[in-house]
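**Q** Below you'll find the structure I mean.
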Amino acid sequence: MLHVREAVLCLTVFVVLVSLAYAEPNVVKVLEVPYINQKYDVPEWFDGRYSCGPTCVAMVLAYYGVLPPWPLNCSKPFPHESLYGKYIVCKFKVGDFVFDERQPDASRMHYGYGIHGYVYEPGVGAVWSKIVELFKLFGFEAYVDTTPMWEELVAEINAGRPVILGTEITSSGHLVVAVGYTSDKGVVVNDPAGDKSLGYFNYNGAKVIYDWPGVNNGRVNLKKIKVFITVRPTKHLKKAEPIEPCKPEGLENYMPVYIFLAVSLVISIIVGLIVIKKEYSKIYSQNKQ
């Protein structure tokens, strides 16, 4: 009987130890920030691979309720409805200001307006100062903090304010929205590109836990956080107003012009070579005489 009790006790201890080893860390605080995917929650004609910044902005705006739902039916990676993805690439207005600036998408085949058109710059990505300007147009206070600290992140989350993080989780840089934190210095994020541990791009980016830089708990590490973009609501917030229709505007619309210019260039080169050849032949004949 004693041996049985010892065996049961050992088994119980083993199970507890295994459970502790695989237990999730204590999530101290997490905010309910709507998740938006930069690739799969935008119109399918738009290539959102470079739109992490605009998508993070949209998530924070949606959290504060200043983006009325603007439904979009999406088919990838599975059929679903996106409530806020159109704001990333389609024209809308806030008060008298119209978001009608445009910038090319990742494929350089189509233009995006909306948040993408306002904050994105080709070859640079999302411009931090433009993100701050956009939030101010909605009536928020917003700041760029280039000396981010863990304690600051905790304070913002505890106050109910998500924070946009500029990280080096990828070689080219990547923006995510911090929505919570854990007791072992894990950052709970909405990653617009999906869960990095599964390989980008995927639709599993809501409330993913990454390790804070310098922390090694076996999760994907944020490596370096270059900036916090902190956003604070005021009593003077303004809501967006969608502008319909939202339809693709492709760079290929200018293809006839490009073809004409290319053909003209080729013809000019050929004519130039013919002229040079004639002049060279003339000089050669004169020297030979």
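Where a number appears in this text, it was derived from the coordinates with a stated rule and is not lab data. Since the structure is predicted, the reported quantities are computational estimates derived from the model, not experimental observations. Note that each Cβ is placed from the backbone with ideal geometry, even for glycine, and that neighbours are counted across all protein chains shown.
**Q** Measure off 7 Å from each Cα along the Cα-to-Cβ vector at ALA106 and ILE274, then give the distance between these two points in nanometres to one decimal.
**A** Result: 4.6 nm between the two label points.
**Q** With charges set only on the Cβ (+1 for Lys and Arg, -1 for Asp and Glu), what does the dipole of the chain come to about its Cα centre, in debye to the nearest 20?
**A** My answer is approximately 820 debye.
**Q** Stretched out fully, how many nm does the piece from SER281 to LYS76 gain, at 0.36 nm a residue minus the Cα gap?
**A** Contour length minus the Cα-Cα distance gives 67.5 nm.
**Q** What's the extension gain from LYS93 to THR147 if we count 0.36 nm per residue and subtract their Cα-Cα distance?
**A** This chain segment gains 16.1 nm when fully extended.
**Q** Can you tell me the Rg and the Dmax, both Å, for the Cα atoms in the chain?
**A** Looking at the chain, its Cα Rg and Dmax stand at 27.0, 122 Å.
**Q** Would you work out if the range 101-145 is rounded, prolate or oblate? Take a ≥ b ≥ c from the square roots of the eigenvalues of the alpha-carbon gyration tensor; rounded if a/c is under 1.5, else prolate when a/b is larger than b/c, oblate otherwise.
**A** Here the range 101-145 falls in the oblate category.
**Q** Out of every Cα pair in the range 21-90, what percent are spaced more than 19 Å from each other?
**A** Here the long-distance tail beyond 19 Å is 38 percent of all Cα pairs in the range 21-90.
**Q** Are there any helices in the chain, counted as whole DSSP H runs, that stretch 24 Å or more along their axis by Cα and score at least 1.0 on average by Kyte-Doolittle, and if so which?
**A** Those that clear 24 Å and a mean of 1.0 are 2-22, 255-288.
**Q** Given the peptides 196-205, 112-121, 171-180, arrange them by the average over their residues of other C-beta atoms within 10 Å, most packed first.
**A** 112-121, 171-180, 196-205
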